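Okay, so here's the structure we're looking at.
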Amino acid sequence: MFTHGDLRADHVFVDGDEVTGVLDWSEAGRGDALFDLAVVTLGHEENLGDLLNGYGNGYGAGVDLDVIRGWRALRSLVAIRWPTGHGFDPFAPGCEVDVLRRTPASPRRGRSPSSC
């Protein structure tokens, strides 16, 4: 699937309920669409349900939320170097470390939470 690769809220222009434009396609390419959903909801996880509902036709019903959590964690870990190197605080609310702290741990499937 062709994905944006850095689909952040500030890269999407909207007018009411209509998307009118998307900027910065420099990281676009083949990838997992769930990565884009994870990135666009970074720091705004409460909007994921609405975003999935917006796809219509039940598309969001079968989405594995653990995959989205994993993509969020990976994106935050990979991206943490940029704010640190440019004078930003990655611990600030909504930034990389905050996102990692708020990402709930999910027990591995088929195992109890206390097993490794």
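Within region 77-98, residues that are touching a residue at least 40 places away in the same chain (Cβ under 8 Å) have Cβ atoms under 6 Å from residues that are surrounded by fewer than 16 Cβ atoms within 10 Å (Cβ to Cβ) and in a loop (DSSP other than H, G, I, E, B) in no pair, counting only partners at least 6 apart in sequence or on another chain. Gly5 meets all of the listed conditions (1) modelled with pLDDT of 90 or more; (2) surrounded by fewer than 10 Cβ atoms within 10 Å (Cβ to Cβ); (3) on the phi > 0 side of the Ramachandran plot but one, namely (2).
Scan region 27-44 for residues that are of a type in the set (D, E, K, R) and crowded, with 17+ Cβ neighbours inside 10 Å and jot them down.
Just the residues of region 27-44 that are of a type in the set (D, E, K, R), to begin with: 27, 30, 32, 36.
Once the filter is applied, which keeps residues that are of a type in the set (D, E, K, R) and crowded, with 17+ Cβ neighbours inside 10 Å, region 27-44 yields only Asp36.
Of all residues in region 8-26, exactly one satisfies the criterion of being within 11 Å of the chain's Cα centre (by Cα) and either over 24 Å from Asp66 (Cβ atoms) or surrounded by 15 or more Cβ atoms within 10 Å (Cβ to Cβ) (or both), namely Arg8.
The values are calculated or read from the model by the stated rules, or taken from the named source; none is laboratory data. For clarity, every value in this text was computed on a predicted model and none was experimentally measured. Using ideal geometry, Cβ is built from the backbone for each residue, glycine included, and neighbour counts are taken over all protein chains shown.
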